[in-house]
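Just so you know, all these numbers are worked out from the coordinates, no wet-lab data involved. As the structure is a computational prediction, the values presented were derived from the model and not from experiment. Glycine also receives a Cβ, built like all others from the backbone with ideal geometry; neighbour counts cover every protein chain displayed.
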Amino acid sequence: MKDKKVVIFSAPSGAGKTTLVRYLLQRFPQLEFSVSATSRTPRGQEVHGYDYHFLSDAEFDERVENNEFVEWEEVYPGLRYGTLKSEVERIWAKGNVIAFDIDVCGGVNLKKMYGAQALSVFVCPPSLEVLRRRLETRGTDAPEAIERRLHKAEEELAFAPQFDVVIVNDHLDTAKAEAERVIGEWLMC
Ligand code: ADP
Ligand code: 5GP
């Protein structure tokens, strides 16, 4: 077994990546979620330190200047997200495998960075129409934000072939079973 492994999940927003990652975290105790930092404000029931480290723009700037990020991206105009080095070290120090929930560009970058230590998974919605419905049903984003996310989704889908595995999240139970099989095999290598 290679030590210091990572599993990277990327997808257009609303494809169901968070749902699948949360499910896998319950199934595999050695998987630990990498809590990213973001400059966006919490939505819904999100909790600081659990879903994200919510930072002000000034705090985010300071961490960029101090070189505290493994990677960061301005995923949406004015909204930055990044993986803290301290988070990666904390999880590996416990002997756990890191689970990243990260945007598509960040996912491609992390795969390049970690190479054979990483399994990268692209979660694909069955269609853009279904993606729109999921974002609307989730009810956490304003209509303009949904449009922005859908527009970006079209570009993001083109990145799927750069990932090790693509899981189409149509029926949730099927997608969960496939994700569990793929990750289970990877963790045993
Ligand atoms: P992401 O993390 O990719 O933005 P979420 O996991 O938040 O996506 O899922 C977006 C919405 O779609 C949520 O309301 C979630 O409950 C729902 N959802 C996820 N997978 C499915 C599925 N296979 N069928 C129907 N709804 C789903
Ligand atoms: P949301 O606002 O829906 O929570 O996340 C928006 C996007 O930012 C998602 O695609 C999510 O995966 C991505 N994201 C979350 N954390 C990080 C991170 O640390 N780095 C990068 N590059 N993207 C992230």
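Among residues belonging to segment 101-120 that are among the charged types (D, E, K, R) and touching a helix residue (DSSP H, G or I) at 6+ places or on another chain (Cβ under 9 Å), point out the one that is farthest from Arg80 (Cα to Cα).
Here is the first cut: in segment 101-120, the ones among the charged types (D, E, K, R) are 101, 103, 111-112.
Now narrow it down to the ones that are touching a helix residue (DSSP H, G or I) at 6+ places or on another chain (Cβ under 9 Å): 101, 103, 111.
On the way: Asp101: 14, Asp103: 11, Lys111: 20 Å.
Per the criteria, the residue is Lys111.
So which pairs qualify, if the first residue must be in segment 101-117 and in contact (Cβ under 8 Å) with a residue 12 or more places away in the chain and more than 18 Å from Glu32 (Cβ to Cβ), the second must be more than 7 Å from ligand 2 (Cβ to nearest atom) and in a helix (DSSP H, G or I), the Cβ gap must be under 8 Å, and the two must be at least 6 apart or on different chains?
Asp103/Glu156; Val104/Glu156; Val108/Gln162; Lys111/Gln162
Considering only segment 5-63, give the strands (runs of 3 or more DSSP E) lying wholly within it that have at least 2 residues that are touching a Pro at 6+ places or on another chain (Cβ under 9 Å). Quick ask: steps written out before the conclusion?
Numbers: elements: 6-10, 31-33, 36-38, 52-54.
Strands (runs of 3 or more DSSP E) meeting the threshold: 52-54.
Would segment 53-70 turn up any residue that is within 14 Å of ligand 1 (Cβ to nearest atom) and either touching a helix residue (DSSP H, G or I) at 6+ places or on another chain (Cβ under 9 Å) or closer than 26 Å to Pro161 by Cα (or both)?
Going through segment 53-70, the residues within 14 Å of ligand 1 (Cβ to nearest atom) turn out to be none.
The answer is no, given that none of the residues of segment 53-70 is within 14 Å of ligand 1 (Cβ to nearest atom) and either touching a helix residue (DSSP H, G or I) at 6+ places or on another chain (Cβ under 9 Å) or closer than 26 Å to Pro161 by Cα (or both).
Of all helices (runs of 4 or more DSSP H) completely enclosed by segment 81-169, which ones contain at least 2 residues that are more than 25 Å from His53 (Cβ to Cβ)?
Working: elements: 85-93, 104-114, 128-138, 143-157.
Per the criteria, 128-138, 143-157.
Look through segment 1-58, keep the residues that are without any contact (Cβ under 8 Å) to a residue 12 or more places away in the chain and of a type outside the set (A, V, I, L, M, F, W, C), and return whichever of them is nearest to ligand 2 (Cβ to nearest atom).
Initial filter on segment 1-58 (without any contact (Cβ under 8 Å) to a residue 12 or more places away in the chain): 22, 26, 29, 45-48, 58.
With of a type outside the set (A, V, I, L, M, F, W, C) added as a condition, the list becomes 22, 26, 29, 45-46, 48.
Numbers: Arg22: 13, Gln26: 19, Pro29: 22, Gln45: 13, Glu46: 8, His48: 13 Å.
Result: Glu46.
What tally of residues in segment 2-33 results from selecting those that are buried (at least 16 other Cβ atoms within 10 Å of the Cβ) and more than 14 Å from ligand 1 (Cβ to nearest atom)?
Number of matching residues: 6.
On the basis of being within 16 Å of ligand 1 (Cβ to nearest atom), in a strand (DSSP E or B) and of a type in the set (Val, Ile, Thr), does Val75 make the cut? Write out each step before concluding.
Working: within 16 Å of ligand 1 (Cβ to nearest atom): yes; in a strand (DSSP E or B): yes; of a type in the set (Val, Ile, Thr): yes.
Considered against the rule, which asks whether it is within 16 Å of ligand 1 (Cβ to nearest atom), in a strand (DSSP E or B) and of a type in the set (Val, Ile, Thr), Val75 comes out as yes.
Criterion first (near ligand 2 (Cβ under 8 Å from one of its atoms), over 16 Å from Cys105 (Cβ atoms) and crowded, with 16+ Cβ neighbours inside 10 Å) does Tyr81 satisfy it? Show your work before the answer.
Values: near ligand 2 (Cβ under 8 Å from one of its atoms): yes; over 16 Å from Cys105 (Cβ atoms): no; crowded, with 16+ Cβ neighbours inside 10 Å: yes.
When the stated conditions are applied, Tyr81 does not pass them.
Could you please find all residues in segment 133-171 being out of contact with any Gly (no Cβ under 7 Å at 6 or more places or on another chain) and closer than 11 Å to Pro12 by Cβ?
Within segment 133-171, Leu150, His151, Lys152, Ala153, Glu154, Glu155, Glu156, Leu157, Ala158, Phe159, Ala160 qualify.
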